[in-house]
Amino acid sequence: MPRYFAYGSNMNPERMAGRGLKVVNAKAGYLEGFKLCFNKQSRYCAEEARANIGYDPIGRVEGVVYELASASEIYKLDPHEGTPLYYSRERFSVMTETGLVSAWVYVANPAVIAEHVLPPRWYLEHLLAGVDYLSVSYLSALEKTACLEISGSVDIG
């Protein structure tokens with residue numbers, strides 16, 4: 001079964017439903033050896049960050065593993081992620097309660113990574129909507145993320 005691992009705004013089940021992918025199941029998962037970064041510049045506002053992952057030998061990124069109805073479903077997500085210009089889609093081994101699974105993961109391209117950018121509060125709220133799939137400690141750390149307090153909700157970025 002094809003899988004997609006969401007660690008950013010697609011952890012929000014409503015957001016995923018609005019993107020038109022046929023999802024068979026969703027469950028908690030995590031990547032060992034990585035950290036969550038907010039260093040991918042939005043394609044709409046260079047001062048705003050979006051989620052990304054970075055290597056960290058002692059890190060762990062939690063998220064949602066979506067089991068997709070067919071292998072072609074992942075292509076529906078590419079335009080929302082700006083693939084291949086803004087994010088590349090790669091295969092990773094993701095740990096779930098039933099063991100390691102292979103899943104698609106979007107990773108920001110180096111050309112759009114910037115330091116000293118912050119996610120807008122509305123964007124972080126999408127990550128927090130994944131509460132049912134996150135540990136208490138991970139959720140607590142997310143809640144403490146520094147954000148831009150701006151209005152608006154550009155849907156992609």
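What to note about this one:
- Odd one out for Gly99 among (1) more than 15 Å from Tyr7 (Cα to Cα); (2) within 15 Å of the chain's Cα centre (by Cα): (2)
- No other residue among Gly29, Gly33, Gly54 is among the small types (Gly, Ala, Ser), touching a residue at least 12 places away in the same chain (Cβ under 8 Å) and open to solvent by less than 10 Å² (accessible area, probe 1.4 Å) apart from Gly29.
- Among the candidates Tyr55, Tyr44, residue that is in a strand (DSSP E or B) and aromatic (Phe, Trp, Tyr): Tyr55
- Options Leu100, Leu85, Leu139, Leu68: the member that is surrounded by 11 or more Cβ atoms within 10 Å (Cβ to Cβ) and either more than 25 Å from Asn25 (Cβ to Cβ) or in contact with an Asp or Glu (Cβ under 7 Å, 6 or more places away or on another chain) (or both): Leu85
- Subset of segment 94-137 (residues that are among the small types (Gly, Ala, Ser) and in contact (Cβ under 8 Å) with a residue 60 or more places away in the chain): Ser102, Ala103, Ala108, Ala114, Ala129, Gly130, Ser135
- Residue under evaluation His80, criteria (1) open to solvent by less than 40 Å² (accessible area, probe 1.4 Å); (2) within 13 Å of the chain's Cα centre (by Cα), criterion not met: (1)
- Of the numbered criteria (1) of a type outside the set (Lys, Arg); (2) open to solvent by 20 Å² or more (accessible area, probe 1.4 Å); (3) out of contact with any strand residue (DSSP E or B) (no Cβ under 7 Å at 6 or more places or on another chain), the one Phe38 fails is (3).
The values are calculated or read from the model by the stated rules, or taken from the named source; none is laboratory data. Computed from a prediction, not measured in an experiment: that's the story for all the values here. Methodologically, a virtual Cβ is constructed for each residue, glycine included, from the backbone with ideal geometry; neighbour enumeration extends over all protein chains shown. Accessible surface is based on the protein model in full, side chains and every heavy atom, while ligands, DNA and RNA are left aside. Shrake-Rupley method; radii C 1.70, N 1.55, O 1.52, S 1.80 Å.
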